[in-house]
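The values are calculated or read from the model by the stated rules, or taken from the named source; none is laboratory data. This one's a predicted model, so the numbers in the text were calculated from it and none came from an experiment. Cβ coordinates were reconstructed from backbone atoms using ideal geometry, including for glycine residues, and neighbour counts include every protein chain displayed.
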């Protein structure tokens, strides 16, 4: 895969449609890039994907719901691969409020001509009422932006982990079960080292406790920004991969030569 590719919309869990795409990251592999839609009484869009997918993404969204009927747009954090199409979605969904962590709201305040009146700042520990369920906002175990906030759906037990449990892959796999075991393990380790380089400096027992907390939540499915939806036995595999990498001190940055190689590659539209 040589350029960003949008795959389309797919039902991945009860009440969840995922808008999936993939970004090539040079020699490091292919990164899944997902936005999600929760079919709640008060429908909510979760992140807005990258601008590289703009036309296809907005068309796919309009095929799932008339954007004018959106009640909420949930922004997990302000990285461009999560807010790339926010302005366009807001224009198509004039009645939707934008749920964003407080620090994320402050970052939006630095932008010119952004309608701050539509923001509803909410942070982990708070609950968003969607009419037929609540989203309990949670801090995921790993993140690259300090404001990052995921959630747990009280009706379906779906956990949105944002950047946590992402993976660099060898091919555009659309199901976690289809990813070869070693590819998933090594891809998760590589992604975590890039997205959360501080993992190599943390108390591993405390982070292991956070992973155990997720296991105790007993999620039916984990949806992520950077991995296909994960359910059933694969949840244990994903958590085990992260915990195993922690215990083996496998988190490392890409070396300087690899990073310089990324910038040396010609840009692809």
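Sub-9 Å Cβ pairs linking a first residue in region 21-50 that is over 17 Å from residue 187 (Cα atoms) to a second residue that is modelled with pLDDT under 95 and in a strand (DSSP E or B), at least 6 apart or interchain, number zero.
Out of region 118-134, which residues are in a loop (DSSP other than H, G, I, E, B), within 19 Å of residue 37 (Cβ to Cβ) and within 19 Å of the chain's Cα centre (by Cα)? Show your work before the answer.
Step one: filter region 118-134 for residues in a loop (DSSP other than H, G, I, E, B), giving 122-126, 130-133.
Filter again for within 19 Å of residue 37 (Cβ to Cβ), leaving 122, 130-133.
If the condition is that a residue be in a loop (DSSP other than H, G, I, E, B), within 19 Å of residue 37 (Cβ to Cβ) and within 19 Å of the chain's Cα centre (by Cα), then 122 is the only one that fits.
Of everything in region 1-15 that's touching a strand residue (DSSP E or B) at 6+ places or on another chain (Cβ under 6 Å) and in a strand (DSSP E or B), which residue is surrounded by the fewest Cβ atoms within 10 Å (Cβ to Cβ)? For region 1-15, the residue satisfying everything is 11. Kindly indicate the residue of region 154-191 that is farther than 17 Å from residue 234 by Cβ and within 15 Å of the chain's Cα centre (by Cα) and also surrounded by the most Cβ atoms within 10 Å (Cβ to Cβ) among those meeting that condition. The extreme case among them is 162.
Suppose we filter 60, 93, 106 for residues that are modelled with pLDDT of 95 or more, surrounded by fewer than 23 Cβ atoms within 10 Å (Cβ to Cβ) and out of contact with any strand residue (DSSP E or B) (no Cβ under 6 Å at 6 or more places or on another chain); which single one remains? Every option except 106 fails the conditions.
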